[in-house]
Amino acid sequence: MTALALPRVLARRPSRGVLLIAALAAFLVLWVVLRGLHTLSLGASQLTPLHHAVNDFNDALGAGRNTNPLFLYFFNEIRLVVDEFVTFVQAVIAQPAFGRPVPLIGWLGVVAIVGYVSYAVANWRVALPAAAGFAFLGLQGLWQESMDTLALTLSAVVIALLFSLPLGIWAGLSDRFNRLITPVLDFMQTMPTFVYLAPLTLIFLIGPASATIATIVYAAPPAIRFTAHGIRSAPHDTVEASESLGATRRQTLVKVLLPAAKRTIVLGINQTIMAALSMVTIAALIDAPGLGKTVVKALQTLDVGTAFNAGLAIVVMAIVLDRVTTAAGARAERARLDTRPTSTLVRRVVLIVGGALTLVAVWFSTTYLWAAEFPPDVSVGPAIAQAATTVTDWVQTNLSPVTGGIKDVVTLVLIDPLQMLLTESPWWLLAALVVAVSALIGSARAALVSAACLLLLVGTGLWADAMATLASTIVATAIVMALGVVVGVWMGRNQMVDRVLRPGLDAGQTMPAFVYLVPFLALFGASRFTAIVAAVVFAAPVAIKVVADGIRSVSPTTVEAATAAGSSTWQLITKVQLPMARHALTLATNQGLIYVLSMVVVGGLVGAGALGYDVVAGFSQAQLYGKGLAAGVAIVLLGVMLDRLTQAAARRSQ
Amino acid sequence: MAAPPELAEPTTTVKTEPVISVRRLWKVFGPKAERVPGSPELSALSRRELMDKTGCTAAVRGIDFDIAPGEVFVVMGLSGSGKSTLVRCLTRLIEPTAGEMVFEGEDILAADPRRLRELRRSKFSMVFQHFGLLPHRRVIDNVCYGLEIRGVRKADRLERAQEVIDLVGLGGCERSYPDQLSGGMQQRVGLARALAGDPDVLLFDEPFSALDPLIRRDMQNEVIRLHREVGKTMVFITHDLSEALKLGDRILIMRDGKAVQSGTGEELVGAPADDYVRDFVRDVPRADVLTLKWIMRPARPDDVLDGPEFGPHVVVREAVRAVLAADRPVKVVRDGELLGVVGHEEILASVAGEG
């Protein structure tokens, strides 16, 4: 009986694929009929009561900033402490202070210190390029801007590490605390960088203090996570051996766990520094001083040359910081294998002599003007800006048929139709479709989350803008995934390709999201397409790496068995490797979406419009403040919805 | 004919005051584990039934044993039999659920954390299957570790570490890092670390299971040599019967957390308690383990009783030549009393593995 009934049951329930297509078809039919109805669109300067309410709230906060006890004794104190600290660091390397016309330590001193510290934590192969890189910042004519960025980054990193290392150790030792903090960290990291800024300005005002606090919030999670992970993955046997010898908890922590986790912790610090740099540049939007501000100003006037010069400075600083901290992590390993006493002796001598020379350089830089202020007459900055402008002009005059062609085709074929579908549909119809899709490819839970997020999106009053952003996000993610699969499979199957491409991808990921805007602005001008391309370039490396690792982790025995059965390469990829790596594919989609989303928002600066524009406008115009804040919330809602949906899909694929 | 070597009297119980005495020791993992040992109903269940009924796993179930000073006590069992949990209970690396453990007259379970640390620092040392070395420290600093956490002065601990490093044959490797050494050498570091604190009892948790067979044999001989030289009490966990027979004065066989049988090697081989043990010892070369008392038969009236004499504890292998060379049965004699005789038939059956 049951054996007979079974196939009939299966036959009666259509597969999820069929249901998905049916849902899409129903949506299209209804869309044609109901197009333009209930679209909830809102003009650029139109405000909803919610936005007004937020404006009023902001005004009320501003008025009560010095009377409200919460501000008086808590927020203002935090702001003051952070501000004092940042100002102090700026006074040391960036801004005139202590009654001097120049900062305490001039360029010569900073370059010497960078070289010396790099040598101390790594080796001379890292130290020389690091010093040269910093000297180059001066040559670009961006010394003070660079030092402002560095000062903010370092302040934020120092404060972030002050509490994230202890928290990480705690999470490493206590299962309960680890369970408690993991979802918080997940949430902090899936939120696009931008959205920290708006609520923080509400409390801490616009300026360096807010920028630093936003940076701390953004940069702390990696250090916490890596520290906890390093401690958790210390070999269990070793910990047990230490206990069996009668070590106290403290002794085991200091003598076993921390040394074992050292490398991972340094890696976490590296991530924290890179995240901080990325955020400090973005924080230019809330008036943080430094290179980011130069880029933002140049982008707003479409001055590609200046933007390029400053962008290049960010890249140089990112490379130096990344190389030095990465080498510091690797150094412990290599140094211990080198047991020759002579090399330790040489190193010690170099450290002492170098230290003395560094002190001399610092003394020069505080005493003589030539060593304090970078000589302006040797600047190559204008030349770089000029060259970039020339190239841009040439490209725009001569290649515009090509670049413009690509842009128009993609815009016409992909972006416009999709955006039309999403923004011109009645909101409830689209919401119903999204919930149905969430239930079909994710889970009932994901559908519930989607429904809640969609309703809240309607509540923000920015439904139409959110849908336009969603359209760009989907297009960019689709391109990211296409790239991810093609390049990822290639890398996963070919060791050579992996070795060639991986360093480039790693470097791409450490760059602050900002700098990707510049070259594409040069190529394509300000448009939605430009923002999408920048987002693709920013998000593709992570997707490619996840796919490549997924392909590589397919059991070699299975691949061998399939090859032995006479599969062609194509069959091997499509029937064995991709299906077995499908968890990696969904994970790549998840990561790709989050990265794209955080970038499409940054793209608001180069004409992405929609939510990105709302946020940027909110920072610059007081009457749009409430709308900008609502747009930030809308981005978070989109992020949460897409993240939960793809995670549910990933779990289903496992 | 050379006089037959006399072996020590086999012991099933410890006659001197035991170093460690364990009674009704239980370790149950899972929710509300403490109710299991106390309940006659639950403690009678098999592992599977207990799991289904309570969600608990009983790793050690009511084990009793005594260990004499200077003895090598082997706990043997297959993986999952609870032997590693048992040895960890002895120093409370895993907290036992119920039972008594007395060490040199002191109740270990009553020790507070401070006292427990003192015991671990000075009385017990453990050698681990996967070595558990500190990868970021050189060999000599690994060996020093136990002394360092006790607060021994640096010069003293380096001196002591050098002594044990030489003792275990690691001389010359002091400045290496663990991952530069082979598995066998790494385990020597583990051994040296355990010996450095001059403990009363050495605990070995399958120390040689991760090593190649040849190196394993070397290390077993090393342990035998060390036992001869330093005379420590040793508790040795293994899943390898030949290792157990080679090292153990007495052996405890565990299965599913319970003790199946305990006794000397020849007792296990000669008189297996049940089919499980019988199956275990089936492939053991009996002539190497059994003594004459296990294969002798009572003298019959027609036996000619003027052949060579042997003690009852002579291993069969050593008596084979003498028995086969004699044209009459060999007498097994203790203190002038005739216990039995061994003829060609008995000796051949034993060598052929049938006895």
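The phi torsions of region A:21-37, fed into the Karplus equation with coefficients 6.51, -1.76 and 1.60 and a -60° offset, translate into couplings of 5, 4, 4, 5, 5, 4, 4, 4, 4, 5, 4, 4, 6, 9, 3, x, 8 Hz, rounded to whole numbers, with Gly and Pro shown as x. Return the Rg/Rh ratio of region A:288-410 with Cα-based radii and a Kirkwood Rh. Radius of gyration over Kirkwood radius for region A:288-410 works out to 1.17. Just so you know, the averaged projected area of the alpha carbon convex hull for region A:148-230 sits at 5.5 nm². Listed by chain and number, the lysines whose alpha-carbon sits under 20 Å from that of residue B:83, ignoring those within fewer than 8 places in the same chain, are B:27, B:246, B:258. For peptide B:19-27, the mean count of partner chain Cβ atoms within 10 Å of a residue's Cβ comes to 0.
Rounded to the nearest 500, the 222 nm mean residue ellipticity of the protein assembly as shown from helices alone is -20500 deg cm²/dmol, with -39,500 (n - 2.57) taken per DSSP H run of at least 4 residues. Answer rounded, prolate or oblate for region A:166-308, using the Cα gyration tensor with square roots of eigenvalues a ≥ b ≥ c: rounded when a/c is under 1.5, else prolate when a/b is larger than b/c, else oblate. Because a/c hits 1.5 or more and a/b exceeds b/c, region A:166-308 counts as prolate. The spacing between region A:582-619 and region A:154-177, judged by their C-alpha centroids, is 28 Å.
Between amide H atoms placed 1.01 Å from N, distances below 5 Å from residue B:99 occur with B:26, all of them 5 or more places distant or on a separate chain.
Listed values for region A:291-298 are Karplus-derived 3J(HN,Hα) couplings in whole Hz (6.51 cos²θ - 1.76 cosθ + 1.60, θ = phi - 60°), namely 5, x, 5, 4, 5, 4, 4, 5, and x replaces Gly and Pro.
The lysines within cross-link reach of residue A:255, meaning a Cα-to-Cα straight distance under 17 Å and a gap of 8 or more places when in the same chain, are B:154. About the centre of its Cα atoms, chain B shows a dipole size close to 1440 debye [charges on the beta carbon of Lys, Arg (+1) and Asp, Glu (-1) only; nearest 20 debye]. When you filter the GluC sites (Glu not before Pro) in region B:18-89 for DSSP loop state and at most 13 other Cβ atoms inside 10 Å of their Cβ, you are left with B:34. Per residue, the convex hull spanned by the Cα atoms of region A:383-465 amounts to 166 cubic angstrom. Sequence-ordered 3J(HN,Hα) estimates for region A:147-154 from the Karplus curve with 6.51, -1.76 and 1.60 and θ = phi - 60° stand at 5, 4, 4, 5, 4, 5, 4, 5 Hz, glycine and proline given as x.
Shielding by partners for peptide A:256-262, expressed as the average number of C-beta atoms from other protein chains within 10 Å of each residue's C-beta, is 2.
Shape verdict for region B:287-351, please, from the Cα gyration tensor: rounded (a/c under 1.5), prolate (a/b greater than b/c) or oblate.
Note, shape of region B:287-351 comes out oblate.
When Rg is the radius of gyration of the Cα atoms in region A:113-185 and Rh is its Kirkwood radius, what does Rg/Rh come to? Rounded to two decimals, Rg over Rh is 1.19.
The spacing between region B:243-304 and region A:476-513, judged by their C-alpha centroids, is 64 Å. Its Kirkwood hydrodynamic radius, worked out from the mean inverse distance over all distinct Cα pairs, puts chain B at 22.5 Å. Placing a label point 7 Å from the Cα of residue A:88 along the Cα-to-Cβ direction, the residues of region A:105-145 whose backbone N falls under 20 Å of that point are A:105-106, A:110. Taking amide H positions as modeled 1.01 Å from N, with prolines and chain starts lacking one, the residues under 5 Å from residue A:102 and 5 or more places away or on another chain are A:97. For the pair region B:63-79 and region B:86-116, the centres of their Cα atoms are 16 angstrom apart. Take each residue in B:132-144, count the other chain C-beta atoms within 10 Å of its C-beta, and the mean is 4.
Each Lys and Arg contributes +1 and each Asp and Glu -1, all at the Cβ; summed about the Cα centre of region B:287-351, the dipole is approximately 120 debye.
All C-alpha pair distances within the protein assembly as shown, sorted into 20 Å bins from zero, spread as 10, 31, 30, 20, 7, 2, 0 percent across the bins.
The longest stretch of chain B left intact once loop-based trypsin sites (Lys or Arg not before Pro) with at most 15 other Cβ atoms within 10 Å are removed from consideration, loops following DSSP, is B:33-152. Taking 37 °C and 0.692 mPa s as conditions, region A:348-401 diffuses translationally at an estimated 221 µm²/s according to Stokes-Einstein applied to its Kirkwood radius (Cα pairs). With R₀ set to 51 Å, the beta-carbon distance separating residue A:53 from residue A:570 gives a calculated FRET efficiency near 0.30.
Order by neighbour count: A:47, A:19, B:195, fewest other Cβ atoms within 10 Å first, most last.
A:19, A:47, B:195
In plain terms, the residue of A:179, A:552 with the fewest other Cβ atoms within 10 Å comes first and the most crowded comes last, giving A:179, A:552. Amide H to amide H distances under 5 Å link residue B:334 with B:339, where only residues 5 or more positions off or on other chains count and H is placed in the peptide plane.
Computed from the coordinates by the stated procedures, all read-outs in this text should not be read as laboratory data. This one's a predicted model, so the numbers in the text were calculated from it and none came from an experiment. So basically every Cβ, Gly included, is an ideal-geometry build from the backbone, and we count neighbours across all protein chains shown.
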